[in-house]
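Just below is one structure, and these are the notes that go with it.
Values in this text are rule-based calculations from the coordinates and carry no lab data. Keep in mind the model is a prediction, meaning the values are calculated, not measured. Reconstructed Cβ throughout: ideal geometry from the backbone, glycine too, with neighbour counts over all protein chains shown.
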Amino acid sequence: MKMTGAQIVIQTLVDLGVDTLFGYPGGTVLYIYDELYKNKHRIHHYLTRHEQGAVHAADGYARVTGRVGVAIVTSGPGATNAVTGLATAHMDSIPLLCISGQVPAALIGNDAFQEADTVGITRSCTKHNFLVRDVNDLARVLREAHFIARSGRPGPVLVDIPKDITVAQTEYVYSSAEPKIRSYKPTLSGHVGQIRRGAKMLQQSKRPVLYVGGGTVLSDASEELFKLQEGLNFPLTNTLMGLGSFPAADSRFIGMLGMHGTYEANMAVSNCDLLVAIGSRFDDRVTGKLSVFAPHATIMHIDVDPTSISKNVKVDLPIVGDVKHVLAQFNDLVHAPGFKSGLQDMGPWWEQINEWRKRECLRFNQGSDVIEPQYVIQCLHQVTKGEAIVATDVGQHQMWAAQFYGFQKPRRWLTSGGLGTMGYGLPAGMGAQVAKPDAQVVVITGEGSIQMNIQEFATCLQYNWPVKVIILNNGYLGMVRQWQEFFYERRYAESDMHVTPDFVRLAEAYGALGLMCDQVDQVIPTLERGLSHPGTVIMDFRVNREANVYPMVPAGAGLNEMILI
Amino acid sequence: MRHVISVLVENEAGVLSRVVGLFSARGFNIETLTVAPVGDGETSRITLVTRGEDSIIEQILKQLNKLVPVIQVADLTEGAHVERELMLVKVATDRDTRAEVLRIADIFRSRVVDATPTSFMIEVTGDSSKLDACLALLTPLGVTEMVRTGLVALSRGDKGMVTKSSH
Ligand SMILES: Cc1ncc(C[n+]2csc(CCOP(=O)(O)OP(=O)(O)O)c2C)c(N)n1
Ligand SMILES: [Mg+2]
């Protein structure tokens with residue numbers, strides 16, 4: 001059938017199974033929006049209040065569902081506003097498709113109105129990008145973009161479409177075949193010989209640690225991981241991005257590792273003889289000083305992206321492949337008869353780890369006057385039974401959420417780990433709420449971060465999203481203040497943020513429910529009231545202004561040199 | 001260590017900036033870079049010379065492979081290979097130096113490709129050290145302008161990269 005480019009955009013998306021878009025209109029995408037108007041019954045578009053919000057919402061949607069999130073923005077400022085969202089998704093390997101309008105092909109390069117070199121600007125913050133130059137390529141490019149976004153190591157892909165392409169006509173040919181790109185062939189299964197060698201290493205180790213990252217969540221490998229643990233019972237630590245891939249309440253979970261990881265996790269890594277990295281990438285916030293990172297360990301690394309392997313830390317046994325596939329391959333060996341009896345006695349290693357656990361590194365004191373931020377998160381866990389989808393912003397509140405919420409399941413933890421984008425939380429929570437309309441979605445944020453995309457409250461109200469926003473209001477850019485306290489002799493340069501809007505009245509101005517809490521004994525009642533309200537809620541918790549995130553590995557120090565409380 | 005890397009890519013808009021952008025974004029260096037379409041014109045072949053420790057070179061090779069339009073990557077320095085570079089040099093001459101310039105050109109089996117009463121343009125091909133040596137002899141005589149293509153190279157033997165399109 002003959003279709004215009006704009007019709008092809010919609011039809012291709014529908015054929016790819018896309019039924020949800022987040023976006024913001026403008027001149028170069030008007031034909032596409034006109035088709036969206038006519039196709040409301042097949043594809044839902046949600047109008048955010050800023051393009052960054054649209055991309056983060058698509059990102060939140062993708063993290064919760066595992067499907068490709070889709071955003072659409074106009075040329076020039078629309079595209080540049082989307083950049084932070086793309087970079088955020090890129091660093092965390094989130095499958096996104098971003099469609100951007102572009103000035104008509106004949107005007108490209110002429111400094112036309114609202115022209116930006118979008119493909120040039122986004123080249124380094126996307127997995128790949130395309131500029132469509134011919135309407136005959138449009139459907140193929142969109143399918144390839146969708147495929148590239150979700151396969152291999154996932155990531156954001158941008159498709160830039162000049163306005164004239166959206167009116168040009170061509171024949172649309174349906175295809176459900178997976179695109180074939182000769183230069184792009186991600187590895188799925190791991191090398192059998194390497195896996196056999198790896199299984200042997202598992203048996204030889206007396207002090208092993210599984211170091212499990214976000215790749216495990218991205219490849220939906222939690223079941224395989226759990227099954228592996230039924231055979232191994234090894235101590236397991238998560239990265240920030242890996243939280244939820246293994247149940248936090250399981251006794252074999254020793255907490256998060258890295259800069260704000262637990263004492264036991266960091267000590268276990270520092271003293272292990274085998275480190276099994278699973279879908280993790282040895283980020284500097286995880287490793288601390290490289291020369292003393294896991295100094296006694298043989299390192300095995302499972303990852304779908306070969307560039308992650310031996311990038312920062314020399315790996316002894318690399319296994320390139322999708323985590324889900326590779327763990328299934330391991331399970332065949334680990335659950336074969338005779339394997340278990342070949343494992344070493346883990347008794348002494350667990351004894352040592354339990355010694356480290358006795359330091360109770362996450363301990364804090366909730367007095368009767370001032371609310372401690374950690375206490376709010378603990379209460380939130382209690383009130384939501386640990387079953388909420390939690391999105392965060394960036395700062396101290398993010399680390400407390402990671403340390404204290406206790407994630408039992410994957411795809412319920414949305415945080416900007418790689419880029420550390422303040423302003424991510426609220427729009428990501430919106431995307432999560434669209435994906436799971438009946439789920440309890442909670443945004444844990446700071447009074448600083450929430451103001452970075454605060455306009456999105458209007459979006460929540462427009463669509464009646466019952467997103468619950470919890471502000472741990474310390475009146476400081478707390479994480480910045482903490483560093484200034486520790487490393488800059490308490491010179492709090494420009495980190496005081498006590499001037500904020502009255503969040504209760506702000507909530508009311510938007511038409512949401514606003515609650516303020518500054519009493520310890522009101523924390524639970526406030527949470528109960530806020531969480532049970534049917535609509536959007538802002539809860540402003542006035543917390544201890546100078547609470548710090550402990551433990552902490554100072555930047556540049558080794559994991560075994562933690563600052564403990 | 002110096003490495004000569006061959007990269008076979010889709011001949012499409014923006015592919016060169018992806019390759020170059022990768023080097024600048026990750027702080028890898030490029031000493032020379034050449035690129036031209038090969039085969040049926042659907043692919044291009046890039047030859048680049050870089051330097052780095054083994055771990056850096058390993059990252060460069062992997063990162064290049066990760067770029068979507070990159071079809072194949074090879075480190076030619078891993079095996080026997082032939083390297084060639086072409087240089088054009090313009091030398092100002094007077095009555096005393098004209099014969100000397102021609103003699104040097106002859107020693108390096110290079111050709112005079114342009115001549116005026118007061119200058120020669122010489123074309124030299126060879127590996128980079130030959131070009132350096134030739135230039136070192138010509139410079140004192142008065143080089144006014146010169147240009148080099150950067151290196152191209154192929155591995156020796158009957159195996160190599162596939163340059164035929166498989167579309
Ligand atoms: C867009 C952006 N700008 C700056 C930073 C640097 N930064 C990291 S944490 C932080 C403070 C965040 O303050 P708040 O949201 O109040 O959270 P708190 O640390 O107080 O819990 C800042 C400024 C950032 N991560 N992102
Ligand atoms: Mg704050």
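For A:His301, what residues show an amide H to amide H distance below 5 Å, using hydrogens built from the backbone and excluding near sequence neighbours?
A:Ala277, A:Leu317, A:Ile319
Could you give the angle, 0 to 90 degrees to the nearest 10, between helix B:98-107's Cα long axis and the longest principal axis of the Cα atoms of chain B?
It works out to around 40 degrees.
Pairs of Cα atoms under 8 Å, at least six residues apart: use those to get the relative contact order of the range B:2-79, whole percent. Don't skip to the answer; put the middle values down first.
Working: 126 pairs, mean separation 36.8, N = 78.
Once divided by the residue count of the range B:2-79, the mean separation gives 47 percent.
Roughly how many debye, to the nearest 20, is the charge dipole of the range A:373-542 about its Cα centre, given +1 on each Lys and Arg Cβ, -1 on each Asp and Glu Cβ, and no other charges?
Numbers: 12 positive and 15 negative charges, 102 e Å.
Roughly 480 debye for the range A:373-542.
Please list 3J(HN,Hα) in residue order for the range A:384-392, calculated via the Karplus relation 6.51 cos²θ - 1.76 cosθ + 1.60 where θ = phi - 60°; whole Hz, with x for glycine and proline.
Working through the residues one at a time gives 8, 6, x, 10, 6, 8, 10, 10, 10 Hz.
Treating the angle as unsigned and between 0 and 90°, give the value, to the nearest 10°, between the Cα long axis of helix B:128-142 and the longest Cα principal axis of chain B.
Around 30 degrees separate the two axes.
Using the crude model of +1 on Lys and Arg Cβ and -1 on Asp and Glu Cβ, and no other charge, please compute the dipole size for chain A relative to its Cα centre, in debye to 20. Display every interim value, and only then the final one.
Numbers: 49 positive and 54 negative charges, 266 e Å.
Using only the charged Cβ atoms, the result is roughly 1280 debye.
Could you give each residue of the range B:36-46 its phi-based ³J(HN,Hα) in whole Hz, using Karplus coefficients 6.51, -1.76, 1.60 with θ = phi - 60°, and x for Gly or Pro?
For the range B:36-46, the Karplus curve yields 6, x, 10, x, 7, x, 7, 10, 10, 10, 9 Hz.
Over the range A:369-483, what is the mean sequence separation of C-alpha contacts under 8 Å (at least six apart), divided by residue count, expressed as relative contact order in percent?
Values: 194 pairs, mean separation 32.2, N = 115.
So the answer I get is 28 percent.
Can you list residues from other chains, or at least 5 along the same chain, whose modelled amide H is less than 5 Å from the amide H of A:Cys98?
Those lying under 5 Å, H to H, from A:Cys98 are A:Ala71, A:Val157, A:Leu158, A:Val159.
What residue among A:Phe364, A:Met201, A:Pro95 has its Cα farthest toward the positive end of the dipole of the protein assembly as shown, where the charges are +1 on Lys, Arg and -1 on Asp, Glu, each on the Cβ?
A:Met201
A:Lys200: net charge of surrounding residues, Cβ under 15 Å, Lys/Arg +1, Asp/Glu -1, itself excluded?
Values: positive: A:Arg196, A:Arg197, A:Lys206, A:Lys340; negative: A:Asp273, A:Asp316, A:Asp332.
Local net charge: +1.
Among A:Phe226, B:Leu131, A:Ser124, which residue has its Cα positioned farthest towards the positive end of the charge dipole of the protein assembly as shown, with +1 placed on the Cβ of Lys and Arg, -1 on the Cβ of Asp and Glu, and the dipole taken about the Cα centre?
Farthest towards the positive end: A:Phe226.
Just add up the charged neighbours of A:Leu13: K/R +1, D/E -1, any other residue whose Cβ is under 13 Å from the Cβ of A:Leu13. Don't skip to the end; give the middle numbers.
Working: positive: A:Arg42, A:Arg67, A:Arg143; negative: A:Asp15, A:Asp19, A:Glu35.
Counting the neighbours of A:Leu13, the net charge comes to 0.
Around B:Ile107, under 12 Å between beta carbons, what's the net of Lys plus Arg minus Asp minus Glu among the other residues? Walk me through the numbers on the way to the answer.
Details: positive: B:Arg103, B:Arg109, B:Lys130; negative: B:Glu100, B:Asp106.
For residues surrounding B:Ile107, the net value is +1.
Quick one: Karplus J couplings for the range A:435-450, per residue in order, coefficients 6.51, -1.76, 1.60, θ = phi - 60°, nearest Hz, x for Gly and Pro?
Using θ = phi - 60°, the values come out as 5, 10, x, 9, 7, 7, 9, 10, 9, 9, 9, x, 5, x, 4, 4 Hz.
With +1 on each Lys and Arg Cβ and -1 on each Asp and Glu Cβ, how big is the dipole of the range B:82-152 about its Cα centre, in debye rounded to the nearest 20?
Details: 9 positive and 11 negative charges, 25 e Å.
That gives a dipole near 120 debye.
Please compute the contact order of chain A in relative form: average sequence separation of alpha-carbon pairs under 8 Å and at least six residues apart, divided by the residue count, as a percent. Working shown, then result.
Working: 1295 pairs, mean separation 79.3, N = 565.
Across chain A, relative contact order equals 14 percent.
Quick one: which residues, 5 or more positions from A:Val443 or on another chain, have an amide H under 5 Å from its amide H? H modelled 1.01 Å from N in the peptide plane, none for Pro or chain starts.
The list, which skips near neighbours in sequence, is A:Ala391, A:Lys468, A:Val469, A:Ile470.
With unit charges on the beta carbon (Lys/Arg positive, Asp/Glu negative), name the residue among A:Ile43, A:Phe339, A:Gly321 whose Cα is farthest towards the positive pole of the charge dipole of the protein assembly as shown.
Value computed over the given set: A:Phe339.
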